[in-house]
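Undergrad: Provided herewith is a single structure, encoded as structure tokens, for subsequent inquiry.
The values are calculated or read from the model by the stated rules, or taken from the named source; none is laboratory data. As the structure is a computational prediction, the values presented were derived from the model and not from experiment. Cβ coordinates were reconstructed from backbone atoms using ideal geometry, including for glycine residues, and neighbour counts include every protein chain displayed.
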């Protein structure tokens with residue numbers, strides 16, 4: 001590590017003074033990797049809070065990679081016997097986040113540390129009752145497209161759905177119907 005000598009001089013009323021300053025040179029993270037982490041939901045929002053030596057001294061360990069941070073934190077607790085609170089602070093995470101990571105890792109392994117998909121998991125506005133009617137409309141008038149079906153749903157139930165949602169729901173029902181046979 002380079003040492004830099006700095007002369008403070010008369011700025012602080014001293015004629016001469018010097019000290020060593022150790023500078024840690026962090027490797028620049030490629031923009032593509034940051035983008036991939038962001039898209040995958042694993043970009044650490046506060047990489048500057050990570051103070052564990054692995055992340056300061058290695059090119060391999062990346063403080064921007066939340067998945068890697070959580071895994072190494074759990075390893076430090078489990079294998080090295082670190083305290084939960086101390087490890088949480090050193091890895092820049094809250095204790096509730098650590099408890100959550102432990103539970104998810106125990107239940108699902110490494111996959112449990114990945115972020116869960118946000119938002120609705122299925123077309124929740126299109127209830128089974130609504131879908132029965134939509135399927136009936138489509139069976140009676142095969143020329144109806146998703147735009148018209150969505151408009152009819154809005155007119156009948158006051159539910160606004162995107163035409164693509166109607167298409168996906170119909171396709172999903174068709175797939176499930178084929179599987180049952």
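Undergrad: If the requirement is being out of contact with any strand residue (DSSP E or B) (no Cβ under 7 Å at 6 or more places or on another chain), over 23 Å from residue 29 (Cβ atoms) and at pLDDT 95 or above, which of these qualifies: 73, 93, 84?
TA: After applying the criteria, what remains is 84.
Undergrad: Taking the condition within 17 Å of the chain's Cα centre (by Cα), under 30 Å from residue 66 (Cβ atoms) and not assigned by TED's automatic domain parsing to the domain that holds residue 46, does residue 121 pass?
TA: Yes; evaluated as a whole, the condition is true for this residue.
Undergrad: Of the residues 24, 29, which single one is assigned to a loop (DSSP other than H, G, I, E, B), within 30 Å of residue 117 (Cβ to Cβ) and at pLDDT below 90?
TA: Among 24, 29, only 29 is assigned to a loop (DSSP other than H, G, I, E, B), within 30 Å of residue 117 (Cβ to Cβ) and at pLDDT below 90.
Undergrad: Look at residue 118 and say whether it is outside any helix (DSSP H, G or I) and on the phi < 0 side of the Ramachandran plot.
TA: Here the answer is yes, as residue 118 does meet what is asked.
Undergrad: Same structure, new question: Assess whether residue 114 counts as being touching a helix residue (DSSP H, G or I) at 6+ places or on another chain (Cβ under 6 Å) and in contact (Cβ under 8 Å) with a residue 40 or more places away in the chain.
TA: Spelling it out, it is not the case that residue 114 is touching a helix residue (DSSP H, G or I) at 6+ places or on another chain (Cβ under 6 Å) and in contact (Cβ under 8 Å) with a residue 40 or more places away in the chain.
Undergrad: Has the range 135-143 got any residue that is part of a loop (DSSP other than H, G, I, E, B), more than 17 Å from residue 173 (Cα to Cα), free of Cβ contacts under 8 Å to residues at least 12 places away in the same chain and out of contact with any helix residue (DSSP H, G or I) (no Cβ under 8 Å at 6 or more places or on another chain)?
TA: There is at least one residue in the range 135-143 that is part of a loop (DSSP other than H, G, I, E, B), more than 17 Å from residue 173 (Cα to Cα), free of Cβ contacts under 8 Å to residues at least 12 places away in the same chain and out of contact with any helix residue (DSSP H, G or I) (no Cβ under 8 Å at 6 or more places or on another chain).
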